[in-house]
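Right, one structure below, let's go through it.
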Amino acid sequence: MKPFKYLSPTTVEKAISYYGEHSETAKFIAGGTDVIVKVKEGWMEPDYLISLKKIEEMGELHKNEATGELSIGALVTHATLEKSLMIQNEYPIIYDAVSNIGSLQVRNVGTIGGNLINAVPSADGAIPLIALDGVALLHGPSGERSAQVKDLFIAPYKTILKSGEILKKITIPTQAPNTGSAYIKFGRRAAMELPLIGIGVLLTLEDDMETCSKARICLGVAAPTPMRAFDAEKLLIGKKINKEILIEAGNIAADESKVRNSIRGKAWHRKEMIRVHVKRMGLKCLEIIKNNS
Amino acid sequence: MATNISFLLNGDKISYEIKDHWTLLHLLREEMGLIGTKEGCGNGECGACTVIVDKLAINSCLYLAIDADEKIIETIEGLASTDGTLHPLQQSFVDNGGIQCGFCSPGMIMSSKALLDENPKAGHEEIKHALAGNICRCTGYVQILDSVEAARDKGGQNE
């Protein structure tokens, strides 16, 4: 591996100022499960790696019980999310997604922030955060700004982050009562494999426990960047949710997707799996809502 | 670009001058001569290099040695007693045919140890989930899972 100097700032400000000193010769590193591979393979040749690991505030996972807002520091590892009872019980869609990223060895080190910033079309971590209307807090040389997680991605491996900018944390706004959410990573095997397709669904029902007041249908590997199937979501709003309408939503979502043939699978297969799994995840949402009420 | 780090390795306090770009695997194998930990793919896909850092199983090929500073590291060399008595997991792999060529065994055993240390009653599915990042190219997975379950059932004791 090409030698580099490793810098370990303890504050976001210091990390950004290090970047200011070394600019393009430096790269930020969080868990390193992607960056180290890239450096080893020579795809990335930094003279400096600026580690974010020692910045404590970026490693916090916290739910504000008063407001109901969830805050996930960018350095929170997939394993921390996977093991959190609060995540398991209240944000099952996050649990579904992070518990099958890479392997346990990767999840023990890899971070949710790194997963987002890598911006692979399949980013398992992004789908649930988009479904939950997550907001990313970015910090750069010119200060802080925020963006919807769904707007972070421009193209494969490309985000809206500017040079020297850091993803600090993701906040998830308060969830309405009667909300259920679920994600499936569909592929040949779960571990150490990118999904053929990733499908996340979130549904909120009105007090009658039938009528849909909010719907999110989010797809990974269905387009160059993670996407929402807006037409399919629209179909569900104001309607009574049952298997039939979820099948229809699945069909619309499949039509909205921009799936293609790749080494992992054919476009037609991906479309069929969107149809099937939008329905299944929708039904799972209903079950979760019923069990929680 | 050398840095001094200190860490606890299999119970021993170690100080070492390392290069910033060394992985923990490089430090263990190439510098310290602890060749029990294996390098398979070198990219975090196979789990052969699994060691335990602060109770968590990690791929030492993707983990920088510099991040091991002030950490507690466990490798396969730390499992057997000084008199040569195998750790219950090691004995169980021997007894249940969990070892074929042996290359994946240190990683398999370290992943299993991290799991059983955290959850001594781990069920079949939990064991599979925890070992999903360890590849055995002899494909003796059933015996490996049997070995871990047998060690679990003995509650960490050798017969």
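The values are calculated or read from the model by the stated rules, or taken from the named source; none is laboratory data. No experiment lies behind these values; they were computed from the predicted model shown. Heads up, the Cβs are rebuilt from the backbone with ideal geometry, glycines too, and the neighbour counts pull from every protein chain shown.
Residues in region A:115-166 that are surrounded by fewer than 14 Cβ atoms within 10 Å (Cβ to Cβ) and at positive phi: A:Gly143, A:Tyr157.
Among the residues of this structure, A:Thr225 does not count as one that is β-branched (Val, Ile, Thr) and over 28 Å from A:Glu272 (Cβ atoms). Checked against (1) of a type in the set (A, V, I, L, M, F, W, C); (2) outside the structural domain of A:Glu287 (by TED's automatic domain parsing); (3) in a loop (DSSP other than H, G, I, E, B), A:Met209 passes all but condition (2). You will find that of A:Lys279, A:Lys290, the residue that is more than 14 Å from A:Leu196 (Cα to Cα) and in contact (Cβ under 8 Å) with a residue 40 or more places away in the chain is A:Lys290 and no other. Scanning region A:196-206 for any residue that is among the acidic types (Asp, Glu), modelled with pLDDT of 95 or more and either more than 16 Å from the chain's Cα centre (by Cα) or not assigned by TED's automatic domain parsing to the domain that holds A:Ala249 (or both) turns up at least one such residue. For B:Asn119, the stated conditions do not hold, so it cannot be described as within 22 Å of A:Lys83 (Cα to Cα), within 12 Å of another protein chain (Cβ to nearest Cβ), buried (at least 19 other Cβ atoms within 10 Å of the Cβ) and under 17 Å from the mean Cα position of the chain (by Cα).
Residues that are in contact (Cβ under 8 Å) with a residue 24 or more places away in the chain, facing chain B (nearest Cβ under 10 Å) and either farther than 29 Å from B:Cys46 by Cα or outside any strand (DSSP E or B) (or both) are absent from region A:11-27 altogether. Among the residues making up region A:121-150, those that are among the acidic types (Asp, Glu) and within 12 Å of the chain's Cα centre (by Cα) are A:Asp124, A:Asp133.
Quick grid of which residues meet (1) crowded, with 19+ Cβ neighbours inside 10 Å; (2) within 27 Å of A:Leu205 (Cα to Cα); (3) not assigned by TED's automatic domain parsing to the domain that holds A:Phe230:
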position	(1), (2), (3)
A:Ala249	yes, yes, no
A:Ile252	yes, yes, no
A:Asp255	no, yes, no
A:Asn261	no, no, no
A:Gly265	yes, no, no
A:Trp268	no, no, no
A:His277	yes, yes, no
A:Leu286	yes, yes, no
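Of (1) assigned to a loop (DSSP other than H, G, I, E, B); (2) in contact with a strand residue (DSSP E or B) (Cβ under 8 Å, 6 or more places away or on another chain), A:Lys2 satisfies all except one. Which? So the condition that A:Lys2 fails would be (2). In region B:1-111, counting only strands (runs of 3 or more DSSP E) that sit wholly within it, the ones holding 3 or more residues that are more than 14 Å from chain A (Cβ to nearest Cβ) and without any contact (Cβ under 8 Å) to a residue 40 or more places away in the chain span B:12-19. Within region A:193-209, being within 14 Å of another protein chain (Cβ to nearest Cβ) and either in contact (Cβ under 8 Å) with a residue 40 or more places away in the chain or over 23 Å from A:Gln105 (Cβ atoms) (or both) holds for one residue alone: A:Leu194.
Each row is one residue, and each column tells you yes or no for (1) among the charged types (D, E, K, R); (2) farther than 28 Å from A:Asp208 by Cα.
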{"position": "A:Val98", "(1), (2)": "no, yes"}
{"position": "A:Ser103", "(1), (2)": "no, yes"}
{"position": "A:Asn115", "(1), (2)": "no, yes"}
{"position": "A:Asp133", "(1), (2)": "yes, no"}
{"position": "A:Pro141", "(1), (2)": "no, yes"}
{"position": "A:Lys168", "(1), (2)": "yes, yes"}
{"position": "A:Pro173", "(1), (2)": "no, no"}
{"position": "A:Ala176", "(1), (2)": "no, no"}
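The residues of region B:122-159 that are within 14 Å of chain A (Cβ to nearest Cβ), assigned to a loop (DSSP other than H, G, I, E, B) and farther than 22 Å from B:Cys41 by Cβ amount to a single one, B:Ala122.
Return the total of residues in region A:62-81 being without any contact (Cβ under 8 Å) to a residue 40 or more places away in the chain and more than 16 Å from A:Gly31 (Cα to Cα).
Filtering region A:62-81 down to residues without any contact (Cβ under 8 Å) to a residue 40 or more places away in the chain leaves A:62-66, A:76, A:79-81.
Subset that is more than 16 Å from A:Gly31 (Cα to Cα): A:62-66.
Within region A:62-81, residues that are without any contact (Cβ under 8 Å) to a residue 40 or more places away in the chain and more than 16 Å from A:Gly31 (Cα to Cα) number 5.
Residue check: is A:Ser146 of a type in the set (S, T, N, Q) and at pLDDT below 95? When the stated conditions are applied, A:Ser146 does not pass them.
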